[in-house]
Amino acid sequence: MAARLMHRLNGLFCVYKPPGVHWKLVRDTVETNLLKDINAAGVSPVPQEVRGFLSNDFEEEVPKALIQSAANAPILSKHPLVTGPDFHRIKVGVGHRLDAFSSGVFVLGVGNANKCISDFYTSRVTRDYTVKGEFGTATNDFSSEGRTIERSTYDHLTQDKLEKVLAMLQGANQKALLMYSRVDMRSQEAYEMAVQGRLGPEEKSVPIILGLRCIHFEPPSFTLEVQVINETQKYLRKVVHEIGLELRSTAVCKSIRRTRDGHFTVHHALTRNQWTAADVMKAIQQHHTSQKRRDATKQNSLDVEEGVIHTSHVTTDTVNTKNI
């Protein structure tokens, strides 16, 4: 039973990492819970054996004597407390990390999916964040928990001014995206990649913001929605700091929450009480089903494109024949 359960734990899933907790502690907790559930599933009754026992007979009519009797007794050498658990280690790999300050979607891989998690880590998938900031303060690490080094006013700030700065930053990042893509922007290949959402840097590049908008503005607090690739949480905090400087003020980052990592969203993330073997297997199965559906949809799209191209070629050949 334990071996069967171990075999089924094979795939990618995601958990919700709470703020203030290091990602290594999250991974170790998941590993410990999975091992505990696997070994608990493999616990079987301790085998019995027949043993002979000597007992005293204290009946008054019969003299004191030793009487031999047989009875079932557990084989202590095969007791779980003696033999120990069946499995001592399970490897859980991690995807794109989150620092202790941040929270949100944290992708993990178990079993043979550790190779997939390595490919996923080096991929250029887009990640979404909800970033909360506050005007009026600057710190040494750009976070609200850092040492304050400057204070400033923010009465002159409006949402329109903030939106202009965000548009400027996004425009600069779009230029960087085109530069690192290494594709001729005037080519058909570039057009098709842009339509399919595959336009991006070929290799590891600097962080590039793909989308940036304000979803809440109530000075001094504001909230941003960010789509980005190749980022770190420190970079996102620095972006908040630079936004404050562009607005002739200062700003610090109060929280960072990842809401999407590739195809994994916050709705797929397992909370702390769901870090069990049963819930992890269910999440892995859901991911496999979703992946098959995406692959089928992609294949259908390719088939349609090939059909359109073939039809256009046939039409062109027909027209050329008529002209001849």
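The values are calculated or read from the model by the stated rules, or taken from the named source; none is laboratory data. Small disclaimer: the values here were computed from a predicted structure and weren't measured. Cβ coordinates were reconstructed from backbone atoms using ideal geometry, including for glycine residues, and neighbour counts include every protein chain displayed. Keep in mind that these areas ignore ligands, DNA and RNA; they rest on the heavy atoms of the full protein, side chains included. Shrake-Rupley method; radii C 1.70, N 1.55, O 1.52, S 1.80 Å.
List, please: which pairs have Cβ atoms under 6 Å, are six or more places apart or on different chains, and start with a residue in the range 2-24 that is modelled with pLDDT under 95 and end with one that is of a type in the set (S, T, N, Q) and outside any strand (DSSP E or B)?
N10/N112
Being more than 23 Å from the chain's Cα centre (by Cα) and aromatic (F, W, Y) is the filter here; which residues of the range 217-251 pass it?
If the condition is that a residue be more than 23 Å from the chain's Cα centre (by Cα) and aromatic (F, W, Y), then F217, F222 are the ones that fit.
Which ones in the range 7-51 are over 15 Å from F106 (Cβ atoms), of a type in the set (A, V, I, L, M, F, W, C), open to solvent by 50 Å² or more (accessible area, probe 1.4 Å) and outside any loop (DSSP other than H, G, I, E, B)?
A40, V50
So, V165, is that one modelled with pLDDT of 95 or more and either among the small types (G, A, S) or part of a strand (DSSP E or B) (or both) or not?
It is false that V165 is modelled with pLDDT of 95 or more and either among the small types (G, A, S) or part of a strand (DSSP E or B) (or both).
Specify the residue that is modelled with the highest pLDDT; the eligible residues are those in the range 290-310 that are more than 13 Å from H263 (Cβ to Cβ) and under 31 Å from the mean Cα position of the chain (by Cα).
A296
Is there a residue in the range 267-289 that is charged (D, E, K, R), exposed (fewer than 15 other Cβ atoms within 10 Å of the Cβ) and within 15 Å of the chain's Cα centre (by Cα)?
Yes, the conditions are met somewhere in the range 267-289.
Which of the strands (runs of 3 or more DSSP E) contained wholly in the range 112-151 include at least 2 residues that are at pLDDT 95 or above, open to solvent by 30 Å² or more (accessible area, probe 1.4 Å) and on the phi < 0 side of the Ramachandran plot?
In the range 112-151, 127-135, 148-151 are the strands (runs of 3 or more DSSP E) which contain 2 or more residues that are at pLDDT 95 or above, open to solvent by 30 Å² or more (accessible area, probe 1.4 Å) and on the phi < 0 side of the Ramachandran plot.
Results for (1) surrounded by 15 or more Cβ atoms within 10 Å (Cβ to Cβ); (2) within 17 Å of F106 (Cα to Cα); (3) among the β-branched types (V, I, T), shown as yes or no for each residue.
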position	(1), (2), (3)
I209	yes, no, yes
L212	yes, no, no
L224	yes, no, no
V228	yes, yes, yes
E231	yes, yes, no
Y235	no, no, no
V240	yes, no, yes
E246	yes, no, no
V252	yes, no, yes
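Which of the numbered conditions does V105 fail, given that it passes all the others? Conditions: (1) modelled with pLDDT of 70 or more; (2) part of a loop (DSSP other than H, G, I, E, B).
The one condition V105 does not meet is (2).
Which of the residues spanning the range 152-167 are within 31 Å of the chain's Cα centre (by Cα) and exposed (fewer than 13 other Cβ atoms within 10 Å of the Cβ)?
A167
For D86, indicate whether it is acidic (D, E), touching a residue at least 12 places away in the same chain (Cβ under 8 Å) and either open to solvent by less than 10 Å² (accessible area, probe 1.4 Å) or over 17 Å from I256 (Cβ atoms) (or both).
Considered against the rule, which asks whether it is acidic (D, E), touching a residue at least 12 places away in the same chain (Cβ under 8 Å) and either open to solvent by less than 10 Å² (accessible area, probe 1.4 Å) or over 17 Å from I256 (Cβ atoms) (or both), D86 comes out as yes.
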